[in-house]
Ligand code: ADP
Ligand code: MG
């Protein structure tokens, strides 16, 4: 039912940046080492993501576009141990219901690639190196009411770039290039965590921040926290990750804020980028369709752990 698809799509496809986020996560789930992103008109006219990951077999192309078809979960038990981004099998089907979507993909060892447009019946031979190209055109072409809620090209582009940065921060080993209207807007070579954070938040951030590392067995924390007293770092740079997934989590943000409590002056916000690793069974990522919220099984333990790790690093004397 196309109408039901479009309603369901509203939860996943809020704006171009939410399409881009889903495509990037799929590319990373496929084990890509390099991503190329092309945007036009703030991502409304075109979002094209080309990866060098595992690819999709010819016979699986149509399935990839089908709702609730995911290659990532085989059983209910798997659902408790989700380690990939995707697991609902909804993103591509949702995008296809509100935009023109085409897949081109080539598996390792296949003689050539195959191309399938969401509105076509059968795949056709195509040319592409190993990996997948997903192209979305004309977002909301069939739902004009939705189109009215899109903001200016500059605003939608800014959201797209932010979506790329959120992913890029957690995957320094993946090279990422992005262009907008034919001009390069982001070039991130393969690097390590410190260099990648510096490339995104500015070298001033890493130069004036402290490395946080803490390991409590089931909980691990790593990342950088800016020292606010002499920080020129962007005040809105608050990046939290749980198992490589960007989250806007009240509990984590609160733990960070508490750790910074005596260091913040006036209305300044702390700037940080932290990565929490936790047993996937101890966290529920299935809370929100856009998946930026999580629920910890033992919220108190997580809060304490993060608070103490960050406070310790921030309060230790300068070297
Ligand atoms: P989910 O990611 O939740 O499984 P999606 O609708 O995002 O659902 O994708 C559907 C399926 O399409 C995936 O499970 C995967 O098998 C395949 N797929 C999508 N994008 C890619 C890609 N870039 N590389 C390889 N496979 C992909
Ligand atoms: Mg997905």
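A short reminder: the numbers here are calculations on the coordinates, not readings from a lab. Note that the structure is predicted; figures quoted are calculated from it, not measured. Here the Cβ is made from the backbone with ideal geometry for all residues, glycine too, and neighbour counts use every protein chain on show.
According to a simple spin-label model (label point 7 Å from Cα along Cα-to-Cβ), what is the distance in nm between residue 298 and residue 282?
Computed distance between label sites residue 282 and residue 298 equals 0.5 nm.
Rounded, prolate or oblate: which fits the stretch 83-196, taking a ≥ b ≥ c as square roots of the Cα gyration tensor eigenvalues, rounded meaning a/c under 1.5, else prolate when a/b beats b/c?
It comes out oblate by the Cα gyration axes.
To make sure I understand, if each residue's beta carbon is the centre and we count other beta carbons within 10 Å, what order do 52, 277 fall in, fewest to most?
By the 10 Å Cβ count, ascending: 277, 52.
Would you mind ranking 169, 136, 253 so that the residue whose beta carbon has the fewest other beta carbons within 10 Å leads the list?
Neighbour counts put them in this order, fewest first: 253, 169, 136.
Work out how far the C-alpha atoms of the stretch 149-234 reach from end to end along every principal axis, then list the three figures in whole Å, largest first.
Over the stretch 149-234, Cα extents along the principal axes are 44, 30, 27 Å.
Cut-off is 10 Å between beta-carbons; in what order do 71, 209 appear when sorted fewest neighbours first?
Ranked by crowding around the Cβ, least crowded first: 71, 209.
Stretched out fully, how many nm does the piece from residue 34 to residue 147 gain, at 0.36 nm a residue minus the Cα gap?
Residue separation times 0.36 nm, minus the Cα-Cα distance, leaves 37.5 nm.
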